[in-house]
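As structure tokens, the structure follows; a few thoughts come after it.
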Amino acid sequence: MNLSVLSGCRLFAYVPADALPALLDAVGAYTRRYDKGQPVCRMGDTVRALGVVLSGSVTIERDDVWGNKTILDRAAPGMVFAETYACVPDTPMMVSAVAAEASEVLFIPADALLAPAAPPDAGRLALLRGLLAVSARKNLTLTRKIVHTSPKSLRGRLLSYLSAQAVQHGSDSFDIPFDRQQLADYLGADRSALSGELGRMRRDGLLDFRKNHFELHRRAAADE
């Protein structure tokens, strides 16, 4: 098992590197390899271990009863997935995790973290601290998306998202991490409608943009 990728994983941020192999052995961690397109876990499954991508990548997907597929996220090496379901093991997964390419995944049984031996050792407490940090960050990301997609109008969603990006970058001129299709998917909009609304917002003097670079005009926004 190549553990070098775990050095940048938030789950292990509080675990000393030299203590990591022994800790993984103590909690019963194990690895699995998957071919491209092979399910790691399916919607409807119950899981008892959280996953950490060691190599390759895993997509988080949702299929409706008519066969329409939506990709919700992509876990690259060092990223954690299925941690919420692992901590609530009787809850069926509402998504699937699928290997987007040949991948190796490290699994850590949640029981070993949530019911540690008494008194709990420092390694498991450090791992629990990392798990809390991962969960809190994902909760913050989800909260942001809910805030940005709650306005009824597409312009309202764009204003919410771009305003938050300006705050995050500390500037009214910034690059966003999405292309047009990805931004449309994130905001729950049609790509053509999103491009049209951006054009109208530019004509109204609210902003300028080129590809994924945006510059906001606060005075024009205030006049709105």
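The values are calculated or read from the model by the stated rules, or taken from the named source; none is laboratory data. What you are looking at is a predicted structure, and each value in this text was computed from that prediction instead of being measured. Methodologically, a virtual Cβ is constructed for each residue, glycine included, from the backbone with ideal geometry; neighbour enumeration extends over all protein chains shown. Calculation scope for accessible area: heavy atoms of the full protein, side chains included, ligands and nucleic acids excluded. Shrake-Rupley method; radii C 1.70, N 1.55, O 1.52, S 1.80 Å.
Right, Thr46: open to solvent by 40 Å² or more (accessible area, probe 1.4 Å), over 19 Å from the mean Cα position of the chain (by Cα) and of a type in the set (S, T, N, Q) or not?
yes
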When you scan segment 156-167, how many residues do you find that are open to solvent by 50 Å² or more (accessible area, probe 1.4 Å) and within 19 Å of Ala189 (Cβ to Cβ)?
2
It is to be established whether one or more residues within segment 168-177 are open to solvent by less than 80 Å² (accessible area, probe 1.4 Å), in a helix (DSSP H, G or I) and without any contact (Cβ under 8 Å) to a residue 40 or more places away in the chain.
no
Could you check segment 58-88 and list, in sequence order, the residues that are basic (Lys, Arg) and over 12 Å from the mean Cα position of the chain (by Cα)?
Arg62, Lys69
Of those in segment 22-61 that are out of contact with any Pro (no Cβ under 6 Å at 6 or more places or on another chain) and charged (D, E, K, R), the residue nearest to Phe12 (Cα to Cα) is Asp25
Restricting to strands (runs of 3 or more DSSP E) lying wholly in segment 54-119: which have 2 or more residues that are surrounded by fewer than 19 Cβ atoms within 10 Å (Cβ to Cβ) and without any contact (Cβ under 8 Å) to a residue 24 or more places away in the chain?
69-75
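Can you say whether Ala189 is under 30 Å from Glu83 (Cα atoms), assigned to a loop (DSSP other than H, G, I, E, B) and either polar (S, T, N, Q) or open to solvent by less than 50 Å² (accessible area, probe 1.4 Å) (or both), as far as the supplied structure shows?
Numbers: under 30 Å from Glu83 (Cα atoms): yes; assigned to a loop (DSSP other than H, G, I, E, B): yes; either polar (S, T, N, Q) or open to solvent by less than 50 Å² (accessible area, probe 1.4 Å) (or both): yes.
So Ala189 fits the description; yes.
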When only residues in segment 1-32 that are assigned to a loop (DSSP other than H, G, I, E, B) and open to solvent by 80 Å² or more (accessible area, probe 1.4 Å) count, which is modelled with the highest pLDDT?
Tyr14
When segment 193-212 is checked residue by residue, the ones that are surrounded by 14 or more Cβ atoms within 10 Å (Cβ to Cβ) and of a type in the set (A, V, I, L, M, F, W, C) are Leu194, Leu198, Met201, Leu206, Leu207, Phe209
